[in-house]
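The values are calculated or read from the model by the stated rules, or taken from the named source; none is laboratory data. Everything quoted here is computed from the prediction, not taken from an experiment. Here the Cβ is made from the backbone with ideal geometry for all residues, glycine too, and neighbour counts use every protein chain on show. Please note that ligands, DNA and RNA were not included when accessible areas were found on the heavy atoms of the full protein model with its side chains. Shrake-Rupley method; radii C 1.70, N 1.55, O 1.52, S 1.80 Å.
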Amino acid sequence: MPPLARRALARTISGFAGARVMGADGGSDPQLPDQAIYYANHSSHLDFLTIWAALPAELQHRARPVAAKDYWGTGVRKAVVERVFNAYLVDRHGSSSTRRRESDSGVSPKGQIAGMTEVLDAGDSLIIFPEGTRGDGESIAEFHGGLYRLAQHNPEIPVVPVTLANMGRILPKGEFVPVPHLSTVVFCDPIHPKPDEDRQSFLTRARDVLVKCLAEHQRREDAQ
Amino acid sequence: MGLLDETALWLLGGVVVILVIASTTAWLLGRKLGVTSTITNLKQRINAWWLMVALIGAVLAAGETVTVLLFLVLSLLALREFITISPTGRGDHKVLVWLVFIIPAVHYWFLWEHWYGMFSVFIPVYAFLFLPARNALAGQTKGFLQRSATIQWALMVCVYAISHAPALLQLPVAMELGREAAEGSSPGSGGATGAHLLLFLLIVVQGSDVLQYIWGKTLGKHPIAPSVSPNKTWEGFIGGVLSATALGAALWWLTPFSPLVAAAFALVSCVMGFAGGLVMSAIKRDRGIKDFGSTIPGHGGIMDRLDSLCFAAPVFFHLVRFFYT
């Protein structure tokens, strides 16, 4: 897509989502590394669009959202996410039941990780949602193991937590018409896997960053 | 030019002169006191005023249709801010689609058509009864009354109340030819007189906000409602409202009112405007936020700027309609 059209599209998405982009310090100009593994909480189809749109132009064309093949892998959806957003499609569960169990227990099927590490090796960034599926926007589910594997693959690449507030209210799971709300995209400080850190403690630490940040930015306190 | 005649252009010229003075003063203050956060905020506020004045001037020059469209957009932006801080949940999504995409457009359509009867009852009667019914069908009962009430409130304040400002544009036909002739008159038929009424209200109400800010910043000591807003003081309120009332009286030539009536209407509008600001402050305080948004640099969100107009416009509209048509 031509750069100008891409910027226009990014502006449109940010404008519709009323997205306020913030750094961890609360400033409006987050410092982002050239290459990163962005991971975020997931409550809406708009999530990857909004993160993509929030990235500065020079990083945007090298950031590849990871999307589930079972939803985005056919017809118009596939054409849009692949051509416009340069998405990387993965098999969420695989077809066999053993794989599904593996995935649920927090270990992602091997094939999809290998594909994603190729993306990283090519110098591109990834946008992933380690919860694996969209939640209700209130709480954050346990993370699948893929994030750990990716972080381990090349510890030089920063892992950037991204907190999305209110996206699930704009377009909740199961709805088709987005209703404008103001949303917030917070790029938190990068985290790195420590040398002696095991999978579970890294995943817990990664999730805690989002939980804490979301609590700060979720605007409605006594929501049901 | 559209709804702007020579008088309105002179008036806007006067506003520009005041903005030039304000910008110069802020610049001088910045040189004298250094760049503090208050000065930066002051400059942002004044710059935003330049834009807002230019926008109002431009849409009035383009005519009633464009002006109505501007207020529709403002209503939608305000609505977005309002539902963001409301305790609505996923079960409300379908009703929010109606709230945002359908009802405001229909309401503003009736306004644009000069169909006063439908304009005044569509939201308080039809939307009021329809929205909770639609929401009950969605089946979520938890917090139902609270959620429904919030949605009604958002609609009344952000759409119904704000729309009474552009509704002023159609009053001149009713003043001249009577209410029946005004029903269904063509958009733009209010002409320059309508624009004068709208400008009178905007200048008095927004002027009152600015004057309350200035009086409060310089003399303010005794807070009116400390638990709601520590920035609202008796000094700011009395000084601001009285000086804005004087401003309104001084603008009587713009309106069909005598100077005394202009002062009285300005006073009512300023007090209503103050009430609007106070109510919105209470809402923000309850939700634990400082501003509704960050759309207008220095001012906050659209609702932070329009809070006073929300309360003043409907009352001003009905005062004029009752006594002058």
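Numerical summary
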item	result
Which numbered condition A:Pro193 misses (of (1) more than 13 Å from the chain's Cα centre (by Cα); (2) within 14 Å of another protein chain (Cβ to nearest Cβ))	(2)
Answer from B:Leu55, B:Leu33, B:Leu72 - the residue that is modelled with pLDDT under 95 and out of contact with any Gly (no Cβ under 7 Å at 6 or more places or on another chain)	B:Leu33
Single residue of segment A:19-43 satisfying the filter (closer than 23 Å to A:Glu131 by Cβ, assigned to a loop (DSSP other than H, G, I, E, B) and modelled with pLDDT under 90) that is least open to solvent (accessible area, probe 1.4 Å)	A:Pro30
Of the criteria (1) more than 21 Å from B:Thr255 (Cβ to Cβ); (2) part of a helix (DSSP H, G or I), which one B:Ala167 fails	(1)
Residue that is least open to solvent (accessible area, probe 1.4 Å), among those in segment A:73-88 that are part of a helix (DSSP H, G or I) and touching a residue at least 12 places away in the same chain (Cβ under 8 Å)	A:Val81
Answer from A:Val160, A:Val211 - the residue that is part of a strand (DSSP E or B), modelled with pLDDT of 90 or more and farther than 30 Å from B:Ile102 by Cβ	A:Val160
Single match in A:Met22, A:Met1 (criterion: within 14 Å of chain B (Cβ to nearest Cβ) and either basic (Lys, Arg) or touching a His at 6+ places or on another chain (Cβ under 9 Å) (or both))	A:Met22
Condition met for B:Thr88 (at pLDDT below 95 and surrounded by fewer than 18 Cβ atoms within 10 Å (Cβ to Cβ))	no
A:Gly135 being out of contact with any Asp or Glu (no Cβ under 7 Å at 6 or more places or on another chain) and at pLDDT 85 or above	yes
Helices (runs of 4 or more DSSP H) fully within segment B:182-292 counting 2 or more residues that are surrounded by fewer than 17 Cβ atoms within 10 Å (Cβ to Cβ) and charged (D, E, K, R)	B:259-287
Hits in segment A:125-144 - residues which are away from every other protein chain (no Cβ under 14 Å) and not hydrophobic (A, V, I, L, M, F, W, C)	A:Ser125, A:Pro130, A:Glu131, A:Gly132, A:Thr133, A:Glu142, A:His144
Residue match in segment A:145-163 (condition: closer than 26 Å to A:Pro30 by Cα and within 14 Å of chain B (Cβ to nearest Cβ))	no
Output for segment B:72-88, where each listed residue is in contact with a Lys or Arg (Cβ under 7 Å, 6 or more places away or on another chain) and facing another protein chain (nearest Cβ under 7 Å)	B:Thr84, B:Ile85, B:Pro87
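Residue-wise test of (1) among the charged types (D, E, K, R); (2) more than 14 Å from chain A (Cβ to nearest Cβ); (3) open to solvent by less than 50 Å² (accessible area, probe 1.4 Å).
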| site | (1), (2), (3) |
| --- | --- |
| B:Pro104 | no, no, yes |
| B:Ser120 | no, yes, yes |
| B:Leu129 | no, yes, no |
| B:Gly143 | no, no, yes |
| B:Thr150 | no, no, yes |
